[in-house]
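Take a look at the structure below.
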Amino acid sequence: MLSTLRALVPQSLARVLFDRIQWSSALLVACFVAVLWLPSQTRASYVTYLLLGLMLIYYRRWQDVIELNLMRWICVLLSWMCLTALWSAEVVPGEVVSTWVRGVLLLTFVAAAAECHLRGYFQRWLGLAMTVAGALTVLVAIANFWWTNPEDGRLNGLGQLDTHVVAALIFGVVALLVIHQAYERRLAVWVAVPVVIMIAVAILLSDSRNAWVSVGLGCATYLASRWLTDVRVFVLAGVAAGVVAAVMLLAVASSDVGGALLLPRGDSFRFAIWSEVLAAVRGGDVIWGMGINTVDDIYQGGIVFQHPHNMYLAVYFQAGLIGLGLWVVVIAKTLGLLLRNYSAADAKLALSILVVALLSYSLDGHELVDKVGETWFLFWLPVALALGLAWRVPRQRLD
């Protein structure tokens with residue numbers, strides 16, 4: 001039946017309509033747009049169910065990805081994080097099922113993005129489509145900021161980017177995509193430069209110091225990776241620059257003027273929040289964690305903080321030392337793959353996005369396993385790109 005329909009359609013159109021990787025790529029772009037534009041995570045998740053269905057239907061076409069070491073560690077990490085739902089403070093069957101569904105959706109997203117990269121679709125049009133969608137979102141967000149003139153003076157995004165920190169971090173990913181497309185000559189320089197300036201303005205208006213530092217260092221990482229061709233020189237330069245940057249930030253923050261600039265609201269109760277989280281885990285279970293569905297609200301200064309404001313502590317709270325250790329392994333293996341494939345342009349992009357994520361997670365972030373959202377594009381997208389790079393080495397496959 002399918003072959004009959006294919007014969008009736010012009011060959012150029014058939015390549016699009018009957019190519020499942022094209023559909024996977026389109027659904028991945030739809031995931032990105034859903035995060036940018038839809039305020040409801042539930043509605044944004046509808047497209048991920050379509051992606052899951054497509055991946056399940058054609059499971060035999062991509063199942064060999066499970067043979068890759070990184071994919072196996074990802075499966076173990078996600079399985080452990082979801083398993084902790086069974087010993088959360090309140091075990092509700094519906095929430096347990098929902099947690100496992102989120103884990104499966106995330107796993108198929110990683111596999112789909114890796115396969116699209118393997119087949120070259122990220123390089124052909126997927127990356128450019130995400131770039132255009134992100135740039136348009138930044139433009140609308142700036143226009144909305146000037147039109148509404150919010151009382152707190154901070155620029156927020158649209159859709160799920162409803163906080164200034166999350167918006168600025170995702171805008172940083174968009175900036176890296178734009179720069180990458182320009183370097184790969186899929187976007188004219190005279191277009192890319194104004195767009196990057198526009199994104200920089202949006203991030204500046206967000207008033208997020210976390211994003212200022214994280215995105216700035218992420219962009220510096222990308223430019224350095226383009227200028228330095230030897231991976232060993234790149235790593236040494238990165239370590240040296242990281243030490244210098246840390247010393248400079250500490251020096252600036254320790255001065256009265258610099259401290260007021262970097263931390264206008266002090267530490268925003270961060271140290272008090274983190275102390276409470278660590279105390280809660282010590283009082284519960286350090287090894288196994290408190291469970292992914294356990295409420296992690298913290299009360300400080302008459303304010304309720306709904307999460308630890310630190311992804312590392314959030315994973316530790318939810319999944320204990322086992323979960324944190326598994327996450328560190330996935331991070332280490334992802335970095336190792338990206339550095340081993342340093343000559344690949346997309347490895348440089350993934351490294352840069354990962355730098356933004358890992359730096360920003362020291363002050364924000366709380367759900368590593370979630371419905372489609374900012375974590376998918378800050379952390380899991382570079383993981384998927386690393387997986388695609390590893391996948392192509394043993395198998396250069398074409399459908």
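The values are calculated or read from the model by the stated rules, or taken from the named source; none is laboratory data. No experiment lies behind these values; they were computed from the predicted model shown. Cβ sites come from the backbone with ideal geometry, for glycine too, and all protein chains shown count toward neighbours. With ligands, DNA and RNA removed, areas are computed over all heavy atoms of the protein, side chains included. Shrake-Rupley method; radii C 1.70, N 1.55, O 1.52, S 1.80 Å.
Per DSSP H run of at least 4 residues, take -39500 (n - 2.57); add these up for the chain, divide by its residues and hand me the 222 nm value, nearest 500 deg cm²/dmol. Don't skip to the end; give the middle numbers.
Values: 17 runs with 276 residues, N = 399.
After summing the helix terms and dividing by the residues of the chain, the value is -23000 deg cm²/dmol.
With every protein chain present, what accessible area does Tyr222 have (1.4 Å probe, heavy atoms only), rounded to the nearest 10 Å²?
0 Å²
Please report the equivalent ellipsoid semi-axes of the chain, computed as sqrt(5 x eigenvalue) of the Cα gyration tensor, largest first, in whole Å.
33, 27, 22
Just for the Cα atoms in region 105-200, what are the lengths along the principal axes, largest first, rounded to whole Å?
The principal-axis extents, from largest down, are 47, 37, 15 Å.
Under a 10 Å cutoff between Cα atoms, tell me which one of Leu378, Leu339, Leu349 has the largest fluctuation in the Gaussian network model of the chain.
Of Leu378, Leu339, Leu349, the most mobile in the Gaussian network model is Leu339.
With N denoting the number of residues in region 321-399, provide Rg(C-alpha) divided by 2.2 N^0.38 Å, to two decimal places.
Details: Rg = 13.3 Å, N = 79, 2.2 N^0.38 = 11.6 Å.
Normalised Rg, Cα atoms only: 1.15.
Any idea of Leu136's accessible area? Nearest 10 Å², probe 1.4 Å.
Probe radius 1.4 Å; accessible area of Leu136 about 100 Å².
With an 8 Å Cα cut-off and a minimum separation of 6 or more residues, compute the relative contact order for the chain in percent. Display every interim value, and only then the final one.
Working: 529 pairs, mean separation 95.3, N = 399.
That works out to 24 percent.
Can you find, among Gln63, Ala44, Val281, the residue farthest towards the positive end of the dipole of the chain? Put +1 on the C-beta of Lys and Arg, -1 on that of Asp and Glu.
Toward the positive end, the furthest listed residue is Gln63.
Expressed as a rounded percentage, what relative contact order does region 59-141 have, with Cα pairs under 8 Å and six or more residues apart? Provide the component values of the computation, followed by the final result.
Working: 21 pairs, mean separation 20.8, N = 83.
Once normalised by length, the contact order is 25 percent.
Would you check the accessible area of Thr148, probe 1.4 Å, heavy atoms only, in square angstrom rounded to 10?
80 Å²
Rg over Rh of region 145-252, using C-alpha atoms and the Kirkwood radius, what does it come to?
Details: Rg = 15.7 Å, Rh = 15.3 Å.
Ratio of gyration radius to Kirkwood radius for region 145-252: 1.03.
Using a Gaussian network model of the chain whose springs link C-alpha atoms within less than 10 Å, name the residue from Asp152, Asp207, Asp346 with the highest mean-square fluctuation.
Maximum among the listed residues: Asp152.
Rank Ser214, Ser40 by accessible area, highest first, at a 1.4 Å probe radius? Don't jump to the answer; show the numbers that get you there.
Working: Ser214 0, Ser40 40 Å².
Accessible-area ranking of Ser214, Ser40, largest first: Ser40, Ser214.
At 1.4 Å probe size, put Met311, Met248 in order of accessible surface, largest to smallest.
Numbers: Met311 0, Met248 120 Å².
Greatest to least solvent exposure: Met248, Met311.
So what is the diffusion coefficient of region 11-152 in µm² per second by Stokes-Einstein at 10 °C and 1.306 mPa s, using a Kirkwood Rh over Cα pairs?
Values: Rh = 17.4 Å.
Stokes-Einstein gives a translational diffusion coefficient of 91 µm²/s.
Please give the per residue accessible area of region 121-263, computed with a probe of 1.4 Å over protein heavy atoms only, in Å².
Working: 7200 Å² over 143 residues.
Roughly 50 Å² per residue, with all protein chains present.
Check every DSSP H run in the chain and write down those whose alpha carbon atoms cover 30 angstrom or more along the long axis and whose mean Kyte-Doolittle hydropathy is 0.0 or greater.
Details: long enough: 93-118 (38 Å, 1.10); 127-148 (31 Å, 1.55); 231-254 (34 Å, 2.34); 311-340 (32 Å, 1.62).
Taking the DSSP H segments of the chain (at least 30 Å long, mean hydropathy at least 0.0), we get 93-118, 127-148, 231-254, 311-340.
For the ranges 119-127, 180-188, what's the packing order if you count other beta-carbon atoms within 10 Å of each residue, average per peptide, and put the highest first?
With the highest mean Cβ count within 10 Å placed first, the list reads 119-127, 180-188.
For the chain, modelled as a Gaussian network with Cα springs under 10 Å, which listed residue fluctuates most, Leu354, Leu177, Leu50?
Result for the chain, Cα springs under 10 Å: Leu50 fluctuates most.
If you average the sequence gap of Cα pairs under 8 Å that are 6 or more apart and divide by the length of region 309-399, what percent do you get for the contact order? Could you put the intermediate results ahead of the total?
Numbers: 73 pairs, mean separation 37.6, N = 91.
This gives 41 percent for region 309-399.
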